[in-house]
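Report on the following structure.
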Amino acid sequence: MKLKVFIPSELSEITLDQYQRYLKISSKETDQAFLQSKMLEIFCGLKLTDAMKMKISDVNSITEILSDLLNETPNLIKKFKMKGVEYGFIPNLEDISLGEYIDIDNYIGDWENIHRAMAVLYRPIVNKYGERYNIEEYQVTDGEIMKDMPMDAVIGSMLFFYHLGIDLSQAMMKYLEESQETRLVQYLSSVKSGVGINQFSHSLKEILQDLKISLN
């Protein structure tokens, strides 16, 4: 049986919704073969019945490609297009409102609701001046539309806030308890060594909550 299989070649070809669905399954399921079949279903659009008929060597090759993509650590993506609309990263963090701060701080490390934070960080561009731009004013929203945004923008923005917190925390290091400082240093080393999105997603929220410096 011959199947046409779409295999994402870039992290930008994977959506936030796809990753949220996969993460929900992978956090509870330990059977490797089942997880591979779900990767093919979610990221490649295959039916489970078709995935089960594939050669195991092909399945291994495809899921290895997908795993490599999900372990990438992209830079901050300032602009992207989604459904014909261009979205821009919030231009000036120093001017954010209290409502924006609360939504970002509450949801930036919560994978089930991270689309709510993304709806604050990325909004439709209304004016452009070369590389500069303005975005729509902040409005409280459920952020559902952001589930279709590309994963490179999601991870890039999360890493941006993580490293922003690391930079600003240098002045506060003497106030940290030894356990927090050690955990922070160890985790930063793991990010630099390319551990990537899977480990990052489990540690970010806990670190930011402890340090209270996600945007301060």
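The values are calculated or read from the model by the stated rules, or taken from the named source; none is laboratory data. It should be emphasised that the depicted structure is a prediction, and the values quoted were computed from it without experimental measurement. Note that we place each Cβ from the backbone using ideal geometry, even for glycine, and neighbour counts take in every protein chain shown.
Which of the following residues is without any contact (Cβ under 8 Å) to a residue 24 or more places away in the chain and of a type in the set (A, V, I, L, M): L70, L98, L66, L121? Full working, then the answer.
On the way: L70 fails: without any contact (Cβ under 8 Å) to a residue 24 or more places away in the chain; L66 fails: without any contact (Cβ under 8 Å) to a residue 24 or more places away in the chain; L121 fails: without any contact (Cβ under 8 Å) to a residue 24 or more places away in the chain.
So the residue among L70, L98, L66, L121 that is without any contact (Cβ under 8 Å) to a residue 24 or more places away in the chain and of a type in the set (A, V, I, L, M) is L98.
Surrounded by 15 or more Cβ atoms within 10 Å (Cβ to Cβ), modelled with pLDDT of 90 or more and of a type in the set (A, V, I, L, M, F, W, C): is that true of L76 in this structure? If you could, list the steps in order and put the result at the bottom.
Numbers: surrounded by 15 or more Cβ atoms within 10 Å (Cβ to Cβ): yes; modelled with pLDDT of 90 or more: yes; of a type in the set (A, V, I, L, M, F, W, C): yes.
Criteria met by L76.
Looking only at the range 1-24, residues that are in contact (Cβ under 8 Å) with a residue 12 or more places away in the chain and either among the aromatic types (F, W, Y) or more than 24 Å from G156 (Cβ to Cβ) (or both) come to 6 in all. The single residue among Y122, Y107 that is modelled with pLDDT under 95 and either farther than 19 Å from D95 by Cα or surrounded by 13 or more Cβ atoms within 10 Å (Cβ to Cβ) (or both) turns out to be Y107. Taking the range 92-104 as the range and being surrounded by fewer than 17 Cβ atoms within 10 Å (Cβ to Cβ) and either under 18 Å from D17 (Cα atoms) or in contact with a Phe, Trp or Tyr (Cβ under 7 Å, 6 or more places away or on another chain) (or both) as the test, the residues that pass are S97, G99. Can you confirm whether M172 is surrounded by fewer than 20 Cβ atoms within 10 Å (Cβ to Cβ), outside the structural domain of K24 (by TED's automatic domain parsing) and either modelled with pLDDT of 90 or more or of a type in the set (A, V, I, L, M) (or both)? When the stated conditions are applied, M172 passes them. Taking the range 4-59 as the region of interest, the helices (runs of 4 or more DSSP H) fully inside it that hold 2 or more residues being at pLDDT 90 or above and basic (K, R) are 16-26.
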